[in-house]
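Peer 1: Sending over a structure as C-alpha cells; questions will come in a sec.
The values are calculated or read from the model by the stated rules, or taken from the named source; none is laboratory data. Keep in mind it's a predicted model, so treat the numbers as computed, not measured. When we count neighbours, we look across all protein chains shown, and the Cβ atoms used for this are built from the backbone with ideal geometry, even at glycine.
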C-alpha cells in the first residue's frame, strides 16, 4: 500500500514554456503533499508543502509565482513550472503523507529538461 | 539553517553489517528521524523512522542516542542490491511551520 505516481516521468520543453507535473496517491488519501527538487548528485530540497484545499507553503527562495502548486483533492497535486528556463532542469519528486504519520510516500520522480 | 550531514560514501562486502551515521546537531523537540534509500532516477524508498532510542523493523535498525544529535542506520547482511544512496531526513510538519531537511546522502557500494 501507499503508492504515489507521477506523470510524466520525463519531459523536455523549450525555454519560456510551461509544464505541468501530476502527483497522485493511488491507494490512500494524502492530507499533505510535498514537492522536492533534486539536482544531479545532490540531496533533495523541499520546495513546498500543500494541504488539500488550501494554498501551498513555499520554502525560502522558491518563487511561488514560478512554481504553481494546486492540491485540488486528497489524491492529486500538480506542480506547474511557468516560463521554464534551462536552470529549472532538475528531477522533481513529490510525496504524500496521511493522517498524523510523519512517514512520507514518494513518487518515482519527473525528469525535467529545459532546452 | 540546520545542516544534516552524512559521510559521502561507504564501501562494504556482501553479508556484512553496515552502519551509516547522520549528524543533526540542531534537531528540534518535534522532529522525527527517517531514513530513505534511493536508486538512480527513482524516488526515495522508506526504510525506517524513529524519535529516540532504538527502532527495528524487518530490514534495518535505527539507533538514536539520548541527545538525539545523531542517528545511525544499521543494515544487517547487505547484498549487492543494497548499493544505493541512503538519506536521513530530519524534521516535522503540520504545525505553524514545516521543517524537512534531507541529509547530504551516503553512497553505499556493496561488492561481492
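Peer 1: When you look at residue B:25, is it in a loop (DSSP other than H, G, I, E, B), more than 15 Å from the chain's Cα centre (by Cα) and at pLDDT below 95, yes or no?
Peer 2: It is false that residue B:25 is in a loop (DSSP other than H, G, I, E, B), more than 15 Å from the chain's Cα centre (by Cα) and at pLDDT below 95.
Peer 1: Checking residue A:63 against (1) touching a residue at least 12 places away in the same chain (Cβ under 8 Å); (2) more than 10 Å from every other protein chain (Cβ to nearest Cβ); (3) surrounded by fewer than 20 Cβ atoms within 10 Å (Cβ to Cβ): exactly one of these is not met. Which one?
Peer 2: Result: residue A:63 fails condition (1) only.
Peer 1: When the residues of region A:69-88 are filtered to those that are surrounded by fewer than 17 Cβ atoms within 10 Å (Cβ to Cβ) and in a loop (DSSP other than H, G, I, E, B), which remaining residue is farthest from the other protein chains (Cβ to nearest Cβ)?
Peer 2: A:83
Peer 1: Out of curiosity, is residue A:49 out of contact with any helix residue (DSSP H, G or I) (no Cβ under 9 Å at 6 or more places or on another chain) and part of a strand (DSSP E or B)?
Peer 2: Answer is yes for this residue.
Peer 1: Right, another one. Run residue A:108 past the list (1) more than 9 Å from chain B (Cβ to nearest Cβ); (2) touching a strand residue (DSSP E or B) at 6+ places or on another chain (Cβ under 6 Å); (3) part of a loop (DSSP other than H, G, I, E, B); (4) more than 22 Å from residue B:31 (Cβ to Cβ) and report the number of the one that doesn't hold.
Peer 2: In the conditions (1) more than 9 Å from chain B (Cβ to nearest Cβ); (2) touching a strand residue (DSSP E or B) at 6+ places or on another chain (Cβ under 6 Å); (3) part of a loop (DSSP other than H, G, I, E, B); (4) more than 22 Å from residue B:31 (Cβ to Cβ), residue A:108 misses (1) alone.
Peer 1: Would you pick out the residues in region B:28-54 that are part of a loop (DSSP other than H, G, I, E, B), at pLDDT 95 or above and under 15 Å from residue B:103 (Cβ atoms)?
Peer 2: Correct list: B:44 only.
Peer 1: In region A:19-28, is there at least one residue being within 11 Å of residue A:106 (Cβ to Cβ), part of a strand (DSSP E or B) and at the interface with another protein chain (Cβ under 10 Å from one of its Cβ atoms)?
Peer 2: Within region A:19-28, not a single residue is within 11 Å of residue A:106 (Cβ to Cβ), part of a strand (DSSP E or B) and at the interface with another protein chain (Cβ under 10 Å from one of its Cβ atoms).
Peer 1: Still on this structure, please answer the following. Need the failing condition index for residue A:15 against (1) within 14 Å of another protein chain (Cβ to nearest Cβ); (2) modelled with pLDDT of 95 or more, just the number.
Peer 2: Of the numbered conditions (1) within 14 Å of another protein chain (Cβ to nearest Cβ); (2) modelled with pLDDT of 95 or more, the odd one out for residue A:15 is (1).
Peer 1: Which of the numbered conditions does residue B:89 fail, given that it passes all the others? Conditions: (1) within 14 Å of chain A (Cβ to nearest Cβ); (2) assigned to a loop (DSSP other than H, G, I, E, B).
Peer 2: Among (1) within 14 Å of chain A (Cβ to nearest Cβ); (2) assigned to a loop (DSSP other than H, G, I, E, B), residue B:89 violates only (2).
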